[in-house]
Amino acid sequence: MGSMAPSATLAIDSKAKAMKAAGEDVCTMSAGEPDCPTFAPIIQAAIEALQKGKTGYTPASGIPDLKKACAEKLQRENGIETKMEQIIVSPGAKYSCFATIAALCGPGDEVIIPAPYWLSYPEMVRGVGAKPVFIPARAENNYEIDPAEFEAAITAKTRLLVLNSPSNPTGAVYRRQTLEKIAEIVIRKDIMVLSDEIYEKLTYDDALPHVSIGSFSKAINDRTITVNGFSKTYAMTGWRLGYLSAPQWLTKKIAALQSHTTSNPTTFAQYGALKAFACTAEVAEMKQEFQRRRDLIHSLVSDIPGVKCSRPAGAFYLFCDISSFGLTPFKFCERLLDEQKVAGVPGEPFGSDRCIRFSYACSQETIRKAAERLKAFSATLR
C-alpha cells in the first residue's frame, strides 16, 4: 500500500476550495459531485429512520429490504439476473470496487484497465499487490478499447477486466456491439469483469444508451461484478452508499472482507436509499439539466482554438486535448488555476499525457465564465 498515491482530483479541489475561502472568484470544475442537494424524499426517509431509532448495527452486507430493492432494480432496469443473496451494500461504490479487487486479486495477478481510466482503479490494484495492465481507448473510437487489443493483452496471469461506462473521465458510453465482443472474449478466456456503472442514469444520446454487460447471458453474468451506487444519480455523495451484484461464491468473500473492514454501511442512510429508487421525476429533472450543461460546455470549449474535445455521451465530464499548447496537463491546470482561477484536473492521473478533465456539475453561469477564462488563457499560450 506504500505505492498508492493520493487522489489528484481531491488535491486540486482542496486547493480551489482554499482559494474560494480566501475570497477569490474561482470556477471549480474539478470534483465529480452533483451541485444539487440530495432529493427531499430521501432526506425525509433518513430523518424518520433516525427518529425511529435506526441507529444500531445492521448485517454487514446491508439491510435485507435495501438488498432486495437493489436486486429488483438490476433485474427490472438492467436485465441482470440476480437475487438478494448476491447483493452487497457498501459504504460507497468506490469501496465496492476495492472490495471486489481485493477479494479476487493478489500478488502475481494482472488486472486489465482501459486508459483513460478513473484514477482510483490502478491504485486499488496496486494496493492489493496485483499489477494493472493498461490498454489504450482512443477518442476516435469513442474511447472504447479494441477487442483485438484486449484479447492480446490477456495472459495466464489475467484475473480481471475493469470497465467503466459511462466513463469517468471521458464521458464515453460503450456501444452494445463492442460490449458483446468483449463479453465473448471474457467467456472464452474465463476471466472476470468489474463493470462500474455508477453513472448509468446520466446518459444523453438515444444512439448511445447505457447497456449492462452482465445482461447478455448467464455465462457472462457468472463472470461479472456489476457495481452501482447512489452518489451520482441521487446527489448522495456524502451519504457513502454503493452496492454490487456478483456470483454468490464471490459475494460471500466480499461480505467477509467488508465485515472485517467497515462493518455495515451507515444504518439510517440505508433507509434513505430505500426511498431513492422512487425518485424518478427528480432524476429525470437532474439529467435534463446535465444534458443542457453538456451541450453548453461542449459548444463553448470546442470553439477555443487549440482545444479538442469529444462530445461526452454520459456522466458529467468533458475531456479536453490541450497538447497543442506544449504544456503537460499538470502544468496547464496549475497555470489555469493560478492565472485564471479555473480548477480542472490534469490527465496524467487518468492515464493521459494530453488531456485535462472539466466537471460540468456546476451552474451554467460557472460554465460560461470558465469557458471565457479558458479561452483567454489559451490565447496567451498561442
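The numbers here are math on the coordinates, done by the rules we state, and not lab data. Since the structure is predicted, the reported quantities are computational estimates derived from the model, not experimental observations. With ideal geometry, Cβ positions are generated from the backbone for all residues, glycine too; neighbour counts draw on all protein chains shown.
Quick notes on this structure:
- Shown here for the stretch 70-125: chymotrypsin sites (Phe, Trp or Tyr not before Pro) in loop regions (DSSP other than H, G, I, E, B) with at most 16 other Cβ atoms within 10 Å, of which there are none.
- Kirkwood-based Rg to Rh ratio, the stretch 102-195, C-alpha trace: 0.94
- Distant-in-sequence amide H partners of THR224 (H built 1.01 Å from N, under 5 Å): VAL193
- Per-residue Karplus couplings for the stretch 41-50, computed as 6.51 cos²θ - 1.76 cosθ + 1.60 with θ equal to phi - 60°, are listed in order as x, 5, 4, 5, 5, 5, 4, 5, 5, 4 Hz, Gly and Pro entered as x.
- Each listed q (0.11, 0.13, 0.20, 0.22 Å⁻¹) maps to a log10 I(q)/I(0) for the stretch 32-141 from the Debye sum over equal C-alpha point scatterers, namely -0.57, -0.77, -1.19, -1.22.
- Modelled FRET efficiency - R0 35 Å, ASP353 with LYS287, Cβ distances, 0.05 increments: 0.60
- In order along the stretch 267-275, the Karplus-derived 3J(HN,Hα) couplings, from 6.51 cos²θ - 1.76 cosθ + 1.60 at θ = phi - 60°, round to 5, 5, 5, 5, 6, x, 5, 4, 7 Hz, and Gly and Pro are given as x.
- Stokes-Einstein D for the stretch 250-376, Kirkwood Rh over Cα pairs, 10 °C, 1.306 mPa s (µm²/s): 92 µm²/s
- Taking all Cα-Cα distances within the stretch 56-276, those exceeding 21 Å account for 51%.
- For the stretch 1-106, trypsin sites (Lys or Arg not before Pro) are listed when DSSP marks them as loop and at most 10 other Cβ atoms sit within 10 Å of their Cβ; the list is LYS52.
- Available extension along the chain between LYS252 and GLU72 is 62.8 nm, counting 0.36 nm per residue and deducting the alpha carbon span.
- Going by neighbour counts of Cβ atoms within 10 Å, the residues LEU327, LEU66 line up, fewest first, as LEU327, LEU66.
- Per-residue [θ]222 nm for the chain (sum of -39500 (n - 2.57) over DSSP H runs n ≥ 4, rounded to 500): -13000 deg cm²/dmol
- Extension gain, LYS331-GLN44: 0.36 nm per intervening residue step, less the Cα-Cα distance, totals 98.8 nm.
- Cysteines, the chain, no other Cys beta-carbon under 4.7 Å: CYS27, CYS36, CYS70, CYS97, CYS105, CYS279, CYS333, CYS355, CYS362
- Pairwise label distance in nanometres, SER363 with LYS218, each label 7 Å out on the Cα-Cβ vector: 5.5 nm
- For the chain, the fraction of alpha-carbon pairs in successive 20 Å shells from zero, as %: 29, 59, 12, 0
- R0 of 35 Å, Cβ-Cβ distance THR262-ALA153: FRET efficiency to nearest 0.05: 0.60
- Considered as an equivalent ellipsoid built on the Cα gyration tensor, the stretch 1-41 has semi-axes of 23, 19, 8 Å, the largest given first.
- The lysines whose alpha-carbon is closer than 20 Å to the alpha-carbon of LYS252, local same-chain residues fewer than 8 away aside, are LYS67, LYS68, LYS83, LYS94, LYS218.
- Karplus-derived HN-Hα couplings along the stretch 13-24 (A = 6.51, B = -1.76, C = 1.60, θ = phi - 60°), whole Hz, x at Gly and Pro: 4, 5, 5, 5, 5, 5, 5, 5, 5, 7, x, 7
- Label point distance in nm, ALA376-GLU24, each placed 7 Å from Cα along Cα→Cβ: 1.4 nm
- In this structure the amide hydrogen of THR158, modeled in the peptide plane, comes within under 5 Å of the amide hydrogens of GLU110, none closer than 5 places in sequence on its chain.
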